[in-house]
Amino acid sequence: MKKILVTGSVGQIGSELTLALRERYGNDNVVAGGRKTQPSEELRNSGPFEIVDCTDIEAVNRVVVNHRIDTIYHLAALLSAVAENNPQLAWQVNVNALVNVLEVAREHNCAVFTPSSIGAFGPTTPADNTPQDTIQRPTSMYGVTKVSGELLCDYYHEKFGVDTRGLRYPGIISYVTLPGGGTTDYAVQIFYDAIKHKRYTCFLKQGTKLDMMYMPDAIKGAIAVMEADPRGLKHRNAFNVSAMSFAPEDIAAEVTKLIPEFTMDYEVDALRQGIADSWPNSMDDSAAREEWGWQPDYDLPRMCRDMVEKLPPKLT
Ligand code: VAH
């Protein structure tokens, strides 16, 4: 049976992925790793939790050895807008910590999942139907750390045989954790404001089309790519995966179908607009579909219905 460590387990993906992995592999086989934010009751009470700062290689090594870890889902990272406001810290957390995880994985023969992002592309990347293999010259520090992470994970696989795999995630929408400083987080905040206030002021301008995905599909993809037969993988770090591509007015229209009195206006945040403008409009994820059977379940209408149904109880 797998013994898994999830770093960044109290973050947007980590908090839901940890619970999904515990359901699939057994609670005691999935160690939740967090740096300082306290885990939810559900996360703390459903299995082992360890304080682990991934910028400290000894801390990573201690948890891997003590729990006999053989698979690491390394999710600890700063998101794009936070990273742009503190680029030096972003390199420390998003790259130096990844090197620590890869070094410990090399020494203890662990497989490693590391998320990349559409942020790994830049303004010179073909913006529509962005290929799996193409130009990657990101202009945000977040993107620089994501491309560096992809290259490091490929290097550790080619040079040392570490089983590294990853996904280039689009914006991810979920209702379990609050938005955490991402450029795509408008697509999460819109639901909180629509339900509480019946209105939302969007920080990206009309027409800003970006790839997006609902959390259940993000989790399905992270588990499926790590369970895939390695003989079928031509790529590893990292697969383009997407479920939908929309602009702010598109999601606002779907929310209005569910909350008729909802209205949205715009107050553009130059920093996040600049980041979003450097990212693709839509990715080609055919490599993931061909090499390990990627197939999302949620489109925009189905995601909106689920968010409007599931979020209100959390807001009371
Ligand atoms: C962010 N949600 O906005 C993250 C993600 C593609 C965007 O990487 O920074």
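Looking for something more than 16 Å from the ligand (Cβ to nearest atom), closer than 22 Å to residue 313 by Cα and either part of a strand (DSSP E or B) or over 12 Å from the mean Cα position of the chain (by Cα) (or both) - is there at least one such residue anywhere in region 234-242? It would help to see each step written out before you state the result.
So in region 234-242, the residues more than 16 Å from the ligand (Cβ to nearest atom) come out as 234-236.
Keeping just the survivors that are closer than 22 Å to residue 313 by Cα gives none.
The answer is no, given that none of the residues of region 234-242 is more than 16 Å from the ligand (Cβ to nearest atom), closer than 22 Å to residue 313 by Cα and either part of a strand (DSSP E or B) or over 12 Å from the mean Cα position of the chain (by Cα) (or both).
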Does region 169-204 hold any residues that are farther than 25 Å from residue 240 by Cα, within 23 Å of the chain's Cα centre (by Cα) and touching a residue at least 60 places away in the same chain (Cβ under 8 Å), and which are they?
-> 190, 191, 192, 202, 203
If you scan region 277-311, which residues turn out to be acidic (Asp, Glu) and part of a helix (DSSP H, G or I)?
-> 277, 290, 291, 306, 309
Say whether the condition of being exposed (fewer than 15 other Cβ atoms within 10 Å of the Cβ), of a type in the set (Asp, Glu), in contact with a helix residue (DSSP H, G or I) (Cβ under 8 Å, 6 or more places away or on another chain) and not in a helix (DSSP H, G or I) is met by at least one residue in region 254-268.
-> no
Region 141-186 - residue that is buried (at least 24 other Cβ atoms within 10 Å of the Cβ) and among the small types (Gly, Ala, Ser) and, of those, nearest to the ligand (Cβ to nearest atom) = 171
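Regarding residue 39, is this residue closer than 12 Å to residue 6 by Cβ, under 20 Å from the mean Cα position of the chain (by Cα), modelled with pLDDT under 95 and in the same structural domain as residue 153 (by TED's automatic domain parsing)? Show your work before the answer.
Numbers: closer than 12 Å to residue 6 by Cβ: yes; under 20 Å from the mean Cα position of the chain (by Cα): yes; modelled with pLDDT under 95: yes; in the same structural domain as residue 153 (by TED's automatic domain parsing): yes.
Criteria met by residue 39.
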Pull up region 46-87, narrow it to residues that are touching a residue at least 24 places away in the same chain (Cβ under 8 Å), within 15 Å of the ligand (Cβ to nearest atom) and in a loop (DSSP other than H, G, I, E, B), then point me to the one that is surrounded by the fewest Cβ atoms within 10 Å (Cβ to Cβ).
-> 79
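Would you say residue 190 is within 16 Å of the ligand (Cβ to nearest atom) and in contact with a Gly (Cβ under 9 Å, 6 or more places away or on another chain)? Break it down into steps so the answer makes sense when it comes.
Numbers: within 16 Å of the ligand (Cβ to nearest atom): yes; in contact with a Gly (Cβ under 9 Å, 6 or more places away or on another chain): no.
Against the criterion (within 16 Å of the ligand (Cβ to nearest atom) and in contact with a Gly (Cβ under 9 Å, 6 or more places away or on another chain)), residue 190 does not qualify.
The values are calculated or read from the model by the stated rules, or taken from the named source; none is laboratory data. Quick caveat, the model's predicted, so the values are computed rather than measured. Reconstructed Cβ throughout: ideal geometry from the backbone, glycine too, with neighbour counts over all protein chains shown.
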